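> Below: one structure in structure tokens.
Read the figures in this text as sums done on the coordinates, not as results from a lab. Computed from a prediction, not measured in an experiment: that's the story for all the values here. Cβ sites come from the backbone with ideal geometry, for glycine too, and all protein chains shown count toward neighbours.
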């Protein structure tokens, strides 16, 4: 069977996979974490070996800090890309380290250099993730050079040792990539299927008739969707880099098939063919909701089993209980349909779930065909494109620009405090402030307590560690362990990672001959001062309150829903497949929904005085996810209801050719009712696109016309056709969401001047 057909769920429902034993539902995912730490294990071990063989413990700190900086600036890429990135990283590190080394004895010059480097490097991050990562590494190197400064050593020693450490890390990363060229892709895919399982579990809760917390279910689903989109993006990025080479490895092709299948499953499971509240009310005393719940939970377990199989590098042959449960549900549904034909939407829901079953059980049996397997990845601008990319952010309207200015002032404040008080190791204040100060309040808040807690625990452990590590060798072993654990927990538990990096720092100071007894209280005080400065900055210096971005984020999400609907309508008419354009539009819609969910989550952690915004934020979140679910249901049927529309061009109410028109075929036989539904769908998409700009009267006129047209366009009861009823049902459900979406985008208090109205952001 062609892969495209498999992705569309056009396979025979009755196919069976061979019996197997299902793996445990809860599967740990350690492999990706361990593989990601291998470069630092190799590089920090090599650095420790060099220090021990050459007997240069007084040079340990800059060499080890170079390894850490190299790890902080690491980017996943193909082999050639890694080598190129390593060259850029070394150049950036050399520039920042030499600048600090040459100006450190001149207070005014040093402060000026740090101010300018902080702004330029932070601002450069606006060009993309690649440059943001490298820029942060360069800024970290500048501070590390300051901390490792020793006037008794040659001026070139620290820069050379830091570069040597970064080069060691780069070499370790290249060795790991050569040893495990496909492992990262496979581990990312495993993480994606684990996240997909969590999302399916969250969706299964909608079928629990005893769970009446609709808002709570929606928020759980939003959080799961955010995590899933992040996992998908990571998969797409790694696949993109692997596919840039001239030859495609069979394992890469397999992972590409897994990725497309996961996207299709996500679209199908996110679909809503029914109103879940009505389902709970109408079928409260029926076994149907529980059967649906059981089947969906089984699909979640299958996704976790697939993740486990990917970890083991084995194929997952399937779970026969998936088809068994769906067959049992089909028999029960057939009985209930005989009693009440109005339950027909439940049959469509079952059809959708059986398509998911087929995807899950045939991941490794699909055959390659000539379908579009292009990966649409966000392209990072090249070196020649950096200036145009940065020019677009050269305004206080840009969050990246505001953060660059804010962080620069934080660095200036820290440097002035250290210089004024003549603090010998006071630049720990600067290090703390740089790591804690994030672009917005919520992100900074999440780090404050963790930083303080991790530092205090690290100081306590680090102060007693020398008692158990009396020799250079034992200290080096402790440095290897603490550095490795720092990277292991860096993106998982910030407080624990802070603990280990503090232990590493104390051990490095011990190797260098510093008196740790005097450093214990100073390290805690420095941390508290750095945290206080960062907290003050993000609270009072152009604060990026997330509630101020809510309107724009919600508008963007709904507009992307409208674009998604247009492309689905085009696919419905042209019987199209999963081409790159459709997948890109679908991805953007879900990414914007995830961004809205993240914004709402951040608002909930902001000061209580902005809590009045939270109710409308949750309302917008729930409405958008409901809207997206209704649209996704149409997407799941885009190859089952298709019939070419007439040859004339269809236009949206906004004017211009719709994507619907692009999918039409000249001179084809037409179905007048389908044609009318497609045109009405384009009108609905156009109205969604303009919800934020229409006044109340204009909205009411257009909305009333759409509802009237829906009431008029009813399928022929004497000659019912499935495609007619599907289109009408989903368009009707979408239309019901439009009015509450409009009112949520235009709340009564929106136009009232507020305390922070001057800070409205784009």
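> How high is the FRET efficiency from residue 112 to residue 725, r the C-beta distance, R0 60 Å, rounded to 0.05? Before the final figure, lay out the partial values.
Values: r = 71 Å, r/R0 = 1.18.
Computed FRET efficiency for residue 112 and residue 725 comes out at 0.25.
> Compute from the Cα atoms of segment 394-544 the Rg and the Dmax, the latter being the longest Cα-Cα distance, and quote both in angstrom.
Using the Cα atoms of segment 394-544, the pair Rg, Dmax is 16.5, 55 Å.
> Tell me, 508, 446 in order of fewest to most beta-carbon neighbours within 10 Å?
Values: 508 25, 446 15.
Ascending Cβ contact count within 10 Å gives the list 446, 508.
> How many angstrom separate the Cα center of segment 159-225 from the Cα center of segment 525-546?
29 Å
> Here is a follow-up. Relative to the present Cα-Cα distance, how much length would full extension add between residue 532 and residue 405 at 0.36 nm per residue of separation? Let's see the in-between values first.
Numbers: separation 127, 0.36 × 127 = 45.72 nm, distance 1.77 nm.
So the extension gain works out to 43.9 nm.
> Which residues does a label at residue 541 reach in segment 414-429, if reach means a backbone N under 18 Å from a point 7 Å past the Cα toward the Cβ?
414-420, 427-429
> Further question on the same structure: Evaluate the distance, in nm, between pseudo-label points positioned 7 Å from the Cα of residue 443 and of residue 335 along their respective Cα→Cβ axes.
Computed distance between label sites residue 443 and residue 335 equals 5.5 nm.
> Follow-up. At 0.36 nm per residue, minus the direct Cα-Cα distance, what do residue 278 and residue 103 gain on full extension? Give it in nm, one decimal, please.
Details: separation 175, 0.36 × 175 = 63.00 nm, distance 7.02 nm.
Contour length minus the Cα-Cα distance gives 56.0 nm.
> Modelled label-to-label distance, residue 56 and residue 492, 7 Å Cα→beta-carbon offset: nm?
3.4 nm
> Quickly rank 299-311, 689-701 as a protection proxy: mean count of other C-beta atoms within 10 Å, highest first.
Details: 299-311: 23.5, 689-701: 14.2.
Going from most to least packed, we get 299-311, 689-701.
> Measuring from label point to label point, each 7 Å out along Cα→Cβ, what is the residue 461 to residue 712 span in nm?
Result: 7.2 nm between the two label points.
> Place a point 7 Å from the Cα of residue 120 along the Cα-to-Cβ direction; which residues of segment 409-431 have their backbone N under 16 Å from it?
none
> Residues of segment 124-146 with backbone nitrogen within less than 17 Å of a virtual label 7 Å along the Cα-to-Cβ line of residue 419, please, listed as ranges.
The answer is 143, 146.
> Calculate the FRET efficiency for residue 525 and residue 314 from the Cβ-Cβ distance with a Förster distance of 41 Å, rounded to the nearest 0.05. Before the final figure, lay out the partial values.
Working: r = 54 Å, r/R0 = 1.31.
With R0 = 41 Å, the Cβ-Cβ based efficiency is 0.15.
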